[in-house]
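The block underneath contains the structure these notes are about, expressed in structure tokens.
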Amino acid sequence: MGTKLTMADMSGSHDQLLFVFSGEVVEVCGPERTGKTELLYHLLCRCVLPKSAGGLEVDVMFVDTDYSLDMFRLVSIIDSRLTRALSPSAGSDEEVLRSCLSRLLVVHCSSSSQLLLTLHFLENSFSSRPGLALLLIDSISAFYWLDRCEGGASFSKQEEKLSKCSELLGRLLRDYRITVFATCHAIRRIHSGLSSSSFSSSDSDRPYLCRSWQHLVTHRLLCSRQASTAGGSKEQRMRQIFTVHCSSSTGTKAHRISSFHVTDGGVDFT
Amino acid sequence: MVVLRAGMCPGLDEDLVRDLRAADVKTVEDLVSCNLEELAQRCSVSYKALFAVRRVLLAQHSAFPVSGADLYEELLSSTAILSTGNPSLDKLLDSGLYTGEITELSGGPGSGKSQVCFGVAVHVSQQLKQNVIYVDTTGGFTASRLLQMLQTETSDKEEQMAALQRIRVFRVFDVFSLLDCLFGLCSDGLQQASVGGGSVKAVIVDSVSAVVAPLLGGKHNEGMSLMSQVAGVLRTMAKDFNVAALVTNYVTRSSSGELQPGLGVSWSHIPRTRILLERLEEGTTAASSAAATADVSRSSLRSATLIKSSRQPCLIREEFDLQWWSRSKDQKTSGLKRKREEDSDS
């Protein structure tokens, strides 16, 4: 397949944050309210929109483990992108919206065993729908505490289910050439005062999920919110700037940073 | 983990379960993850039979993908927005509490969280004529306060009693009883609380931090796991039965000294919308008299700040009066008119 997905395409910006090839896994992590789910919506739109509106017209599978998919927000983003790209009187908007939404498949999981069984079940979908190129998991860390408690005292038992999921994902990546984006919630508070220029490899948001998952991850996007500047107009303070810091395990070790803010039409890269 | 038992599906009999257990395959997950050809040889069972059993078990226990278009249609028809009864709060919440979601109200002691919960319960029960489940974990629920609020809405005693009957109260004082209560409600489809043929539209838990906070901290992870379970059952209830879940939380101070909701980072991902309530600081000087400060502490004005929302820009702030729900209808309409004028002026 080899479809290249880039994050900064929609804004026409030349500064590309990330090139992702099929068969790779991207982990989007960060504390709450830093725009992780918004980034997933941005990616979703890029994939399901028709080619005439700048999309890729591929199918997307969304695995929702913590009921955080807000369909109304997603539809408003798709709507605003469609009206921006196509002329307002181009045919029936409902039809285009429906065809975009039919490229999206949503699955809800309520425990890590159900996640494992569902991934096995989805193998059928991957083999029967060759247009299914992207798997989004929001979030992979939803069952972390439940698993830790169930596993008792031994770490290997605690991490068993997520390890099995990671191994299965690895196999699905190889066999079906899909790309995986997964969000991971932070469990430790990042102390304010860390400026983005002083990022080192031992930043306070260390990965905490099991080793099999960490080996699978190719790129890691660390999201954070910039502290709002004192002064400035009320408008400026309302527009929170979010930054994304990308580190990859392949290629160069250089870090890349990009920033965006959230508008009614979704993520807008600056 | 689902343990394999005879009779779970056609083709899975006692002998097969025993053979599988001998080959160290005890749960559905083990069966689904292992190599079937190898297993068939080890247990001397036919590959076809194993494959059929695996397919049925997988279909029984995994979740099914739904097309985005169908999901959107379903949400459009089933999601309702419940007004809280207070127009300033409704403005913050983008016209009210959405069903299928968890909304969190956090604030310090005396900031009015329970009063807002009472107001919402009364409004949903009296104006929207829907049932409400109120889970009280602090012992702060008083029916007389609700009656007071209802008496300003309607003077008909029958209507007041009917509205009170639509609010079902559960008193739980530790996390295990809370989980028991919520799981029990889910398993019988919220029938317990559906009085008079109405359906439950709101579930209020006041407060969730009172039962979870004592378990957090320390070396044991059970507290975090129990918190995840409470979150899980509330979300399932909200999504499956189309109710709006409203929970309250306490506040702590962050390292930079500002107020933030409690229960830590792991809880912060769970509510879809979060509101922080604070007392309003009237501009009192340091040399204020005792009478002035007493006035401030008895004031019913509060400010609500939106700190997390997927629909509105964050950090918008509204001021409102806790006594809104106790005002008579005339006072409310004049208050609304004044508010609309203020909004159009600014």
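A few remarks follow.
- Here the relative contact order of chain B, from alpha carbon pairs under 8 Å that lie six or more residues apart, stands at 19 percent.
- The chymotrypsin sites (Phe, Trp or Tyr not before Pro) found in segment B:10-107 include none that occupy coil by DSSP while having at most 16 further C-beta atoms within 10 Å.
- Alpha carbon convex hull of chain B, projected area averaged over orientations, nm²: 24.6 nm²
- Taking a quarter of the surface of the Cα convex hull of segment B:14-61 gives a mean projected area of 2.9 nm².
- Sorted largest first by accessible area at a 1.4 angstrom probe radius, with every protein chain in place, the residues B:D24, B:D70 fall in the order B:D24, B:D70.
- Per residue Cα convex hull volume in Å³ - calculated over segment B:1-132: 204 Å³
- For chain B, the dipole from Cβ point charges (+1 on Lys and Arg, -1 on Asp and Glu) about the Cα centre works out to 300 debye, to the nearest 20.
- Projected area, mean over directions - segment B:142-195, Cα convex hull, nm²: 4.3 nm²
- The interface between chain B and chain A buries about 4400 Å² of solvent-accessible area in total (1.4 Å probe, ligands and nucleic acids excluded).
- The listed peptides A:104-116, A:165-177, ordered by packing as a protection proxy, come out as A:104-116, A:165-177 (highest mean of other Cβ atoms within 10 Å first).
- Solvent exposure, largest accessible area first (probe 1.4 Å, DNA, RNA and ligands not counted), of B:M1, A:M71, B:M8: B:M1, B:M8, A:M71
- Helical contribution to [θ] at 222 nm, DSSP H n ≥ 4, -39,500 (n - 2.57), averaged over chain B, rounded to 500: -13500 deg cm²/dmol
- Most to least accessible of A:I257, A:I241, A:I140 (protein chains only, probe 1.4 Å): A:I257, A:I241, A:I140
- Percent breakdown of C-alpha pair distances by 10 Å bin, ordered from the shortest bin, for segment B:171-266: 14, 44, 29, 11, 2, 0
The values are calculated or read from the model by the stated rules, or taken from the named source; none is laboratory data. Keep in mind that what you see is a predicted model, and the values were worked out from it rather than measured. Note that we place each Cβ from the backbone using ideal geometry, even for glycine, and neighbour counts take in every protein chain shown. Areas reflect the complete protein model, heavy atoms only, side chains present, ligands, DNA and RNA absent. Shrake-Rupley method; radii C 1.70, N 1.55, O 1.52, S 1.80 Å.
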